[in-house]
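The values are calculated or read from the model by the stated rules, or taken from the named source; none is laboratory data. Remember, it's a predicted structure, so these values are computed and weren't measured experimentally. Cβ placement follows ideal geometry from the backbone for every residue including glycine, while neighbour counts extend to all protein chains displayed.
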Amino acid sequence: MTKLLPSDKALVPFVSVDHMMQLIHHIGVEETLRGLADYIEADFKRWELFDKTPRVASHSDKGVIELMPTSDGDVYGFKYVNGHPSNTKAGLQTVTAFGLLADVASGYPVLLSEMTMLTALRTAATSALVARVLAPKGSTVMAMIGNGAQSEFQSLAMKAIVGITEVRLYDIDPAATAKCAENLAGQGLKVTQCTTAEDAMLGAQIITTCTADKQYATILTDNMVGAGVHINAIGGDCPGKTELAPAILQRSDIFVEYPKQTRIEGEIQQMAPDHPATEFWEVLTAKAKGRTSDKQITLFDSVGFAIEDFSALRFVRDQIADTGFFHPLDLLADPDDPRDLFGMLQRAKA
Ligand SMILES: NC(=O)c1ccc[n+]([C@@H]2O[C@H](COP(=O)([O-])OP(=O)(O)OC[C@H]3O[C@@H](n4cnc5c(N)ncnc54)[C@H](O)[C@@H]3O)[C@@H](O)[C@H]2O)c1
């Protein structure tokens, strides 16, 4: 039997982990972070036209598996992502992901991509975009609490987009801090390894919490946080999984991605359902105020929203067009007669 080759209509560009890494190095890590932040900013500025829904979560006692869909009317996207804080003990990552873009008019997928690397990049790009707007002007020092998989990306995005020059690291596991310090060596940041969270926060205008623990944790207590700082809270992103003492939330002006999702998953799950929270896209479009005083504590209660993944996939799609860092994947059955799917199967019989 002659082997039937897939037609062009069957093929979807697939970006593997290997191609993603090649693409990032081709562009440059910091340039990628800046590019992603530009795409995320552009999509946040057209926030109202997107389909939005809290992500669809399937919880277990070990973690969560989530689907994150959205559409701008022309393009549809979704991400599959998990969050399993105890995975690292088994040599597995806490967070892995892949995602897809599709053409709304035909429903045909136009990109399938790894998103474990891309999630770390897009989360960091979003954090830095928010900090660029909300953190005290001229911020140079960031405390980085939680030195796991996301931490280097967070640090480099704050350097590339906000202009920080020093990162102060703390993790309950000193090996994680040592790994992060080693990875950041030679990247143009002053890196200080600390043995307590309090020490890490000395002189920091930006405090990033990026820990993984499936409980109401208290990474920061109220007395640790002084006036005027910006808190970038990344790790509290599931029901029953938070990082900040509620008293900090009472003292902060809180900024969120999509309130319907953040009230379920973010730090503000600890507060009353009507506790004030400003949508960040409204600050970007001057519909709402951001930082208004030097004394104010701004808090980005980040959980990660589908539009950020959509923007990231859009960025990748635009970049691979020129660079060729993808495989054409035989993903879609394409019979000669669209109604003869069974005939296509029969013809493929050995
Ligand atoms: N908001 C978002 O968009 C977003 C995106 C990706 C990941 N996340 C979340 O970010 C968190 C970190 O992800 P990761 O991939 O870096 O996880 P990871 O498991 O690789 O790293 C987490 C680190 O936190 C440390 N840690 C745990 N408890 C701590 C404590 N009390 N004090 C200091 N350090 C502590 C661990 O030792 C570990 O090194 C996870 O909770 C994940 O769900 C959020």
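Within region 8-22, the residues that satisfy the criterion of being crowded, with 20+ Cβ neighbours inside 10 Å and farther than 14 Å from R314 by Cα are V12, H19. The residue that is nearest to the ligand (Cβ to nearest atom), counting only those in region 114-132 that are surrounded by fewer than 24 Cβ atoms within 10 Å (Cβ to Cβ) and not hydroxyl-bearing (S, T, Y), is A120. Here E243, E265 are screened, and the one residue that is crowded, with 17+ Cβ neighbours inside 10 Å, within 16 Å of P85 (Cβ to Cβ), touching a Cys at 6+ places or on another chain (Cβ under 6 Å) and charged (D, E, K, R) is E265. Considered as a group, the residues in region 303-323 that are within 16 Å of the ligand (Cβ to nearest atom), part of a helix (DSSP H, G or I) and of a type in the set (A, V, I, L, M) include one that is surrounded by the fewest Cβ atoms within 10 Å (Cβ to Cβ), and that residue is I307.
In region 85-197, counting only strands (runs of 3 or more DSSP E) that sit wholly within it, the ones holding 1 or more residues that are among the hydroxyl-bearing types (S, T, Y) span 109-114, 166-170, 190-193.
Among residues that are more than 9 Å from the ligand (Cβ to nearest atom) and within 20 Å of S252 (Cβ to Cβ), A135 is included. In the set T165, T211, T218, only one residue is assigned by TED's automatic domain parsing to the domain that holds I248, hydroxyl-bearing (S, T, Y) and either more than 9 Å from the ligand (Cβ to nearest atom) or touching a Phe, Trp or Tyr at 6+ places or on another chain (Cβ under 8 Å) (or both); that residue is T165. Which one is farthest from the ligand (Cβ to nearest atom) among residues in region 291-302 that are buried (at least 24 other Cβ atoms within 10 Å of the Cβ) and hydrophobic (A, V, I, L, M, F, W, C)? Ranking the qualifying residues of region 291-302, first place goes to L299. The numbered conditions (1) more than 16 Å from the ligand (Cβ to nearest atom); (2) over 15 Å from the mean Cα position of the chain (by Cα); (3) surrounded by 15 or more Cβ atoms within 10 Å (Cβ to Cβ); (4) not charged (D, E, K, R) are all true for L5 except (3). Within region 227-239, the presence of at least one residue that is more than 12 Å from the ligand (Cβ to nearest atom), closer than 23 Å to F305 by Cα and surrounded by fewer than 22 Cβ atoms within 10 Å (Cβ to Cβ) is confirmed. Residues that are more than 13 Å from the ligand (Cβ to nearest atom) and under 22 Å from G138 (Cβ atoms) within region 176-208 comprise L184, Q187, G188, L189, K190, V191, T192, L202, G203, A204, Q205, I206, listed in sequence order.
Okay, residues lined up against (1) touching a helix residue (DSSP H, G or I) at 6+ places or on another chain (Cβ under 9 Å); (2) not assigned by TED's automatic domain parsing to the domain that holds V133:
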residue: L244; (1), (2): yes, no
residue: I248; (1), (2): yes, no
residue: T262; (1), (2): yes, no
residue: E279; (1), (2): yes, no
residue: R291; (1), (2): yes, no
residue: F300; (1), (2): yes, no
residue: I320; (1), (2): yes, yes
residue: F342; (1), (2): no, yes
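Scan K45, K62, K79, K89 and give me the residue that is under 27 Å from G236 (Cβ atoms), within 14 Å of the ligand (Cβ to nearest atom) and exposed (fewer than 12 other Cβ atoms within 10 Å of the Cβ). When all the criteria are applied, what remains is K89.
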